[in-house]
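Notes follow once the structure below has been shown.
Only the coordinates and a few stated rules stand behind these numbers; no lab work does. On a predicted model such as this, the values are computed, not experimentally measured, just so you know. Neighbour counts run over all protein chains shown; Cβ positions are idealised from the backbone, glycine included.
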Amino acid sequence: MSDELMRKLETRLGRLHARQRLGIERASEPRVFGGGLNFFHPENWYSSHALIRYVLKLSGLYWRGHRNTFDFRVKENAIGLTRLPAAFDGFTLLHLSDLHVDMNFDVTRELADRIKDLRYDACVLTGDYRARTSGPIDKTIEGMEIVIRRLRGPIYGVLGNHDSVTMVPDLEALGIKMLLNESVAIESKGSTLHIAGIDDAHYFRVDNIEKTAQSLASEGVSLLLSHTPEIYRQAAYADFDVMFCGHTHGGQICLPGGIPITLDSKCPRYLGAGPWRYHNMIGYTSVGAGASIVNVRLNCPPEITLHTLRSG
């Protein structure tokens with residue numbers, strides 16, 4: 001890493017966070033067993049990718065699953081909040097997660113084409129921009145540029161377990177405000193809406209909800225961006241009103257009826273996809289717009305989500 005990039009990261013994130021995140025990345029790439037919330041990390045076991053692909057081709061499901069990665073579904077989700085100021089009634093967020101843009105640029109271009117005419121007030125990205133978990137980031141930034149060109153600001157994002165902290169300067173140069181244990185305030189007609197984001201809690205475990213929550217003002221509704229739903233309890237008891245996340249892919253390769261074989265997360269299965277509630281917090285887990293490990297989706301189509309905030 002160049003000294004210039006290190007200076008940029010330290011300036012943007014602070015010396016401690018930048019060195020913690022980068023140090024963990026260097027010490028653990030690409031680790032199959034141990035570390036993170038899960039003991040086994042199949043995304044890092046690259047020889048298994050070819051095996052899964054071979055089994056799917058042998059079963060005759062591979063090409064059908066591959067076609068499904070282009071079949072984006074736009075889902076609309078209304079979120080009723082009793083504390084929501086009238087100024088934000090009808091405020092709509094475009095939510096994209098688990099893009100893995102360098103997995104297949106044709107899929108990325110299709111996604112960009114599908115989102116260009118959608119109407120929303122802000123966009124939130126909940127991590128996993130690249131396909132692999134280590135190595136160069138050039139193709140990832142190239143793929144993200146294809147998507148960002150079709151988005152309207154403001155755009156807020158967090159990093160996932162596939163992402164490197166070295167992406168942050170390039171992602172921000174594209175127009176994404178990255179939130180790494182930070183928050184921003186959106187003002188409208190004298191009212192405030194807070195959007196907070198934490199760094200990856202699944203693998204790198206550099207999330208800091210306490211720091212993030214302390215930066216919020218007491219008034220106004222607060223929305224939390226997290227790559228994974230696995231910190232749902234901590235978020236709920238930190239008094240966040242809503243949590244947006246991804247990571248699970250909804251299983252990606254599911255049994256008929258959308259029943260996931262695995263969610264690669266340590267949380268209740270009802271948090272694996274779609275809307276949910278825990279304590280006083282409303283949550284939503286996107287099944288993701290991209291594919292991981294193999295470029296296939298079965299009984300779990302890729303998702304583009306529009307969340308509309310409503311008073312009451």
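What full-extension length gain, to one decimal in nm, is calculated for ARG233 and GLN214 as 0.36 nm per residue of separation minus the Cα-Cα distance? Provide the component values of the computation, followed by the final result.
Numbers: separation 19, 0.36 × 19 = 6.84 nm, distance 1.69 nm.
Full-extension gain reported as 5.1 nm.
As a quick test, which of the pairs LYS8/LYS211; LYS116/LYS211; LYS139/LYS211; LYS8/LYS189; LYS8/LYS177; LYS116/LYS139 have an alpha carbon distance above 24 angstrom in this structure? Where the Cα-Cα span goes over 24 Å, the pairs concerned are LYS116/LYS211; LYS139/LYS211; LYS8/LYS189. Descending by average beta-carbon neighbour count within 10 Å, the peptides 238-248, 164-174, 185-195 line up as 238-248, 164-174, 185-195, the highest first.
Please report the orientation-averaged projected area of segment 3-311, defined via the convex hull of its C-alpha atoms, in nm².
If I average the Cα hull's projected area over directions, I get 15.0 nm².
For the chain, a Gaussian network of Cα nodes joined below 10 Å ranks GLY153, GLY250, GLY60 by mean-square fluctuation, and the top entry is GLY60. A dipole drawn for the chain from +1 and -1 charges on Cβ atoms has a positive end, and of TYR278, LEU9, LEU179 the residue lying farthest that way is TYR278. This model, with +1 at the C-beta of Lys and Arg and -1 at the C-beta of Asp and Glu, gives segment 176-256 a dipole about its Cα centre of some 120 debye.
Starting from the Cα gyration tensor of segment 171-289, take the square roots of the eigenvalues, sort them a ≥ b ≥ c, and report rounded, prolate or oblate (rounded when a/c is under 1.5, otherwise prolate if a/b is larger than b/c, else oblate). Taking the square roots of the gyration eigenvalues as a ≥ b ≥ c, segment 171-289 is prolate.
Mean separation of Cα pairs under 8 Å and 6+ residues apart, divided by the residue count of the chain: what relative contact order is that in percent? Provide the component values of the computation, followed by the final result.
On the way: 717 pairs, mean separation 78.2, N = 312.
Taking the mean separation of contacting Cα pairs over the length of the chain, I get 25 percent.
Using packing as a proxy for protection, rank 103-115, 259-271 so that the peptide with the highest average count of other Cβ atoms within 10 Å comes first. Let's see the in-between values first.
Numbers: 103-115: 17.7, 259-271: 16.0.
Packing proxy ranking, top to bottom: 103-115, 259-271.
Dipole check for segment 116-184: with +1 at the C-beta of Lys and Arg, -1 at the C-beta of Asp and Glu, and the Cα centre as origin, the magnitude is about 240 Debye. Dipole orientation for segment 3-311: of the candidates ALA235, SER292, SER222, SER292 has the Cα lying most toward the positive pole (charges on Cβ; Lys, Arg +1; Asp, Glu -1).
With a cut-off of 14 Å between beta carbons, the residues surrounding ASN68 carry a summed charge of 0, where Lys and Arg count +1 and Asp and Glu -1.
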